[in-house]
Amino acid sequence: MKKIILRPLLILCIVVLYTSCKEKNKKVYTAIEIAAESKKVNAFFQKSFDESVDLYPEFQTRLGIKKDYGKLNDNSLAFEEKILQTNKEKLLWLTDSVNVDALSKEALLSYKLFKQNIENSIEDYKYRLHDYPVNQMHGAQSEKPAFMINMHRIDDVKDAEAYVSRLNGFKAYFSQLVANLKARETIGVIPPKFVFDKVIQDSENILVGQPFDSSNTQSTLLNDFLEKINTLDIDTDTKSSLETQARQALLNSVEPAYLGLISFMKDQKERANSDHGAWKFPDGDAFYNTALKRTTTTNLTANEIHEIGLKEVARIHKEMDAIRKNVGFEGTLQEFFQFMKTDQQFYYSADKQGKDAYLKEAVQLIDRMKTRLDELFISKPKADIEVKAVEAFREKSAGKAFYNRPAADGSRPGIYYANLYDMESMPSYQMEALAYHEGIPGHHMQLAIQQELEDVPMFRKFGGYTAYTEGWGLYSEFIPKEMGLYADPYSDFGRLAMELWRACRLVVDTGIHTKKWTRETGIKYYTDNTPNAELDAIKMVERHIVMPGQATAYKIGMLKILELRKKAKDALGDAFDIREFHEVVISHGAIPLNVLEDFVDDYISSKSS
């Protein structure tokens, strides 16, 4: 039989002809049909969200819902299996029951995001044990008390009883937690040695004070409970009964829960080592590459991210050296770093007066920025923001600053937390950039507006992509520079120091997890290349270790936003409006970086036509 050979030009003609015919035959849907299909898929999103809310009582509380107010989340391995099966059913429905060609533009975006999230969750199930459920950054040992204190409101006796019920749930929750730790150990996933003492200390801190001992002070949770019920207009007998119930729950559930975790951690510590990278996990390289992909929402490799970091470190060093010369400092950049680390003019005192002064100045920075928002934004959040110090029971291990989004029902404002445990890690020259990042125009603008979006599915209001969210936070440190803020060169140095910190993260995270850097190598890289305190470097490296890939999101996200802004400015010239650009970036909620680029391209096209 004679072989038939199709030449490339003929193949191209066939493909073009086929595609043209396909496009001609493609059905055009009416507005009614599009509205109906979009309504159907949005109803599915709402149903899925409601079902998810029903499964997570603590998320209900964060939303201001009191449906299962006396319960904690299910933390079992069986629950994870249940979620996997549910996700497979959802993916099947999305694949078989939706006509994507008949969706509106907004519904199609929601469909793609939801489907991608489900697919990623199913794919990542194989890595469900590739993490440390308790560590110095996260875990029930600190997050459960923080949840009770910051999220569980007591407005009446029923709410107080629900608080007690949740305290009674600690024992079962922590038993599931220990089972999860044991499951990880069976595949060789054990936290490195440094984690154990931190988790144990956080746990022991909760068991200090009444009713756990005979001291005159109340424990953290008892104090919180009593402060809350003392605001209620109830009789003395009822109040006394509630206090008795709380004390019993603390002794019969909370204390055994923590003692069980402490006992297990002390035992497992004997089997731990100091291997720090994800490379030590089963299929560790594949896991880390997946973690980078999920975190950055790009296809950048570990080596590419490492090189971007090195390049950015060099650029920022150059800008910092210009400031060194501008302020007349005689000496090298490294010596200038040392000056900034040690000169007391840049630090508040570590006593109550100094800490109160820091918080007061942080509030003033945010309040001043509020008056400038019209220069930057079209949409602005309805929710307010407050500044708080990180609570004493978790300040030693918590990060230096973070943000909690407001309650969806408006009952709780957004909170910018500043960690004042070590005032030498909170120099005054970094105050502005921290406040802008965590507060305004950073996370509060972005996350509060996201929750307040109308006509989008709930999963988009409360979902997130780290590169988008933290990229915006880091970009928000830069925007005030263009507004004439950071007038003090030392504050501008502080802004650069924080950007440098994020650039170093690209180098160190990839160094630890792919190049087998040790904890000490990572710490030295930070102390050699930044003006931050050594404690900052230690905390950051330990964060890299327990959260592989997460810290790469900030700089990658910022660089993408700046790249897209430049693209829009170059294309539009005088027609470019920074307020419109920011509206494009934050008006759709959290989205992957590639989707953000699509929106910016649409914006450019709409302004150019």
Restricting to segment 45-57, what's the tally of residues that are surrounded by fewer than 18 Cβ atoms within 10 Å (Cβ to Cβ) and either under 18 Å from Ala146 (Cα atoms) or of a type outside the set (A, V, I, L, M) (or both)?
7
Residue by residue through segment 509-549, note down the ones that are more than 18 Å from Tyr421 (Cα to Cα) and of a type in the set (A, V, I, L, M, F, W, C).
Ile512, Trp517, Ile523, Val541, Ile545, Val546, Met547
Subset of segment 332-385, residues in contact with a helix residue (DSSP H, G or I) (Cβ under 8 Å, 6 or more places away or on another chain) and among the aromatic types (Phe, Trp, Tyr), comes to Phe336, Phe346, Tyr347, Tyr348, Tyr358, Phe377
Apart from one, (1) more than 18 Å from Gly494 (Cβ to Cβ); (2) part of a helix (DSSP H, G or I) all hold for Ile323; the odd one out is (1)
Given the conditions (1) under 19 Å from Leu474 (Cα atoms); (2) surrounded by 22 or more Cβ atoms within 10 Å (Cβ to Cβ), which single one is not true for Glu542?
(1)
Scan of segment 283-318 for residues that are over 30 Å from Ile190 (Cβ atoms) and in a helix (DSSP H, G or I), ordered by number:
Glu304, Glu307, Ile308, Leu310, Lys311, Glu312, Val313, Ala314, Arg315, Ile316, His317, Lys318
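For segment 151-207, give me the residue count where each residue is on the phi > 0 side of the Ramachandran plot and of a type in the set (S, T, N, Q).
First pass over segment 151-207, keeping only residues on the phi > 0 side of the Ramachandran plot: 188.
From what's left, of a type in the set (S, T, N, Q): none.
Of the residues in segment 151-207, 0 are on the phi > 0 side of the Ramachandran plot and of a type in the set (S, T, N, Q).
Name the single residue that is surrounded by the fewest Cβ atoms within 10 Å (Cβ to Cβ) among those in segment 575-609 being assigned to a loop (DSSP other than H, G, I, E, B) and of a type outside the set (Val, Ile, Thr).
So the first thing to find is which residues in segment 575-609 are assigned to a loop (DSSP other than H, G, I, E, B), and the list is 576-577, 587-592, 609.
Add one more test, that the residue is of a type outside the set (Val, Ile, Thr), and what stays is 576-577, 587-590, 592, 609.
Working: Phe576: 16, Asp577: 14, Ser587: 16, His588: 19, Gly589: 25, Ala590: 22, Pro592: 18, Ser609: 5.
Once the filter is applied, the top-ranked residue is Ser609.
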Condition broken by Ala401, with the remaining ones in (1) in contact with a helix residue (DSSP H, G or I) (Cβ under 7 Å, 6 or more places away or on another chain); (2) farther than 26 Å from Pro548 by Cα; (3) of a type outside the set (Val, Ile, Thr) satisfied
(2)
State whether the residues of segment 378-389 include one that is of a type in the set (S, T, N, Q) and either assigned to a helix (DSSP H, G or I) or without any contact (Cβ under 8 Å) to a residue 60 or more places away in the chain (or both).
no
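Go through the residues of segment 165-173 one by one and say whether even a single one is closer than 30 Å to Asp235 by Cβ, part of a helix (DSSP H, G or I) and hydroxyl-bearing (Ser, Thr, Tyr). Before you say what the answer is, go through the steps one by one.
Kept after step one, since they are closer than 30 Å to Asp235 by Cβ, are these residues of segment 165-173: 165-170.
After this cut, where a residue has to be part of a helix (DSSP H, G or I) as well, the list is 165-170.
Checking which are hydroxyl-bearing (Ser, Thr, Tyr) leaves us with 165.
Yes: segment 165-173 contains one or more residues that are closer than 30 Å to Asp235 by Cβ, part of a helix (DSSP H, G or I) and hydroxyl-bearing (Ser, Thr, Tyr).
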In this structure, does Leu261 turn out to be surrounded by 14 or more Cβ atoms within 10 Å (Cβ to Cβ), modelled with pLDDT of 95 or more and in contact with a strand residue (DSSP E or B) (Cβ under 9 Å, 6 or more places away or on another chain)?
no
So, restricting to helices (runs of 4 or more DSSP H) that lie completely within segment 196-282, which ones have at least 3 residues that are closer than 26 Å to Asp131 by Cα and not assigned by TED's automatic domain parsing to the domain that holds Met547?
255-269
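For segment 183-195, enumerate the residues that are part of a helix (DSSP H, G or I) and touching a residue at least 40 places away in the same chain (Cβ under 8 Å).
Initially, segment 183-195 is screened for residues part of a helix (DSSP H, G or I), giving 183-186, 193-195.
The answer is Ala183, Arg184, Glu185, Lys193, Phe194, Val195.
So that you can scan it fast, the table gives a plain yes or no per residue for (1) under 20 Å from the mean Cα position of the chain (by Cα); (2) closer than 24 Å to Ala407 by Cα; (3) small (Gly, Ala, Ser); (4) modelled with pLDDT of 95 or more:
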{"residue": "Gln451", "(1), (2), (3), (4)": "yes, yes, no, no"}
{"residue": "Val456", "(1), (2), (3), (4)": "no, yes, no, no"}
{"residue": "Lys461", "(1), (2), (3), (4)": "yes, yes, no, no"}
{"residue": "Leu500", "(1), (2), (3), (4)": "yes, no, no, yes"}
Considering segment 517-551, residues that are over 16 Å from Ala503 (Cα atoms) and in contact with a Pro (Cβ under 9 Å, 6 or more places away or on another chain), and then whichever is modelled with the lowest pLDDT, we arrive at Ala533
If a residue has to be modelled with pLDDT under 95 and not hydroxyl-bearing (Ser, Thr, Tyr) to count, how many in segment 206-225 make the cut?
1
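Test Ala448 against the criterion of being surrounded by fewer than 24 Cβ atoms within 10 Å (Cβ to Cβ), assigned to a loop (DSSP other than H, G, I, E, B) and among the small types (Gly, Ala, Ser), and give yes or no.
Values: surrounded by fewer than 24 Cβ atoms within 10 Å (Cβ to Cβ): yes; assigned to a loop (DSSP other than H, G, I, E, B): no; among the small types (Gly, Ala, Ser): yes.
Here the answer is no, as Ala448 does not meet what is asked.
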For Trp517, all conditions in the list (1) in a helix (DSSP H, G or I); (2) in contact with a Gly (Cβ under 6 Å, 6 or more places away or on another chain) hold save one; what is the number of the exception?
(1)
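The values are calculated or read from the model by the stated rules, or taken from the named source; none is laboratory data. Model, not experiment: these values are computed from the prediction. Cβ atoms come from the backbone with ideal geometry, glycine included; neighbour counts cover every protein chain shown.
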